[in-house]
């Protein structure tokens, strides 16, 4: 599943992968990890779009009773509507997905009446960063449950990064840990690979 030529074998356009995640802190480990995964997806021939921490922090709180949406809210919904796959990345806050990321995910309720409801049948990669393995594992479980509720298919690999006392990314956002980098790349390969198979069907 990690061979770039798989993209060329697919019928139609290249897979479109949307990344949603980050924190309010510029250059966060969460957003850096997501960028590494998206860059590898691009190297495999996919097109990608990132909604990072800055974009997520600018979003209004999700209100189901509000019919109107801001430009930023519409951008996320429309991107996911067109996507072949999604990658979510969240820090683990108190054992769960951060409010910043969950607020963006809640907007996908606007896809409930689409021909493809929510993330129905879509491959979804999950990345979690936390200062400890307990937070990593509980948050990954919560994120996978959210994906299931949205009818998506979490990839077999979910990447958890324990950032306690460790700097995994440099100032440019490049991963300094080869094992972590390999895991993020494998997640991207699984997301892109399933997208290619689905397009070919």
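The values are calculated or read from the model by the stated rules, or taken from the named source; none is laboratory data. Everything quoted here is computed from the prediction, not taken from an experiment. Note: ideal-geometry Cβ built from the backbone for every residue, glycine included; neighbour counts use all protein chains shown.
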- request: Could you list, in sequence order, all residues of the stretch 115-131 that are on the phi > 0 side of the Ramachandran plot and surrounded by fewer than 13 Cβ atoms within 10 Å (Cβ to Cβ)?
  value: 121
- prompt: Given (1) under 22 Å from residue 38 (Cα atoms); (2) touching a residue at least 12 places away in the same chain (Cβ under 8 Å); (3) part of a loop (DSSP other than H, G, I, E, B), where does residue 117 come up short, assuming only one miss?
  reply: (1)
message: Need the failing condition index for residue 165 against (1) touching a strand residue (DSSP E or B) at 6+ places or on another chain (Cβ under 8 Å); (2) surrounded by fewer than 17 Cβ atoms within 10 Å (Cβ to Cβ); (3) modelled with pLDDT under 95, just the number.
response: (1)
- prompt: Residues in the stretch 57-79 that are touching a helix residue (DSSP H, G or I) at 6+ places or on another chain (Cβ under 6 Å) and in a helix (DSSP H, G or I): how many?
  reply: 3
task: Report, by residue number, each residue of the stretch 4-25 that is at pLDDT below 55, surrounded by fewer than 11 Cβ atoms within 10 Å (Cβ to Cβ) and in a loop (DSSP other than H, G, I, E, B).
output: 11
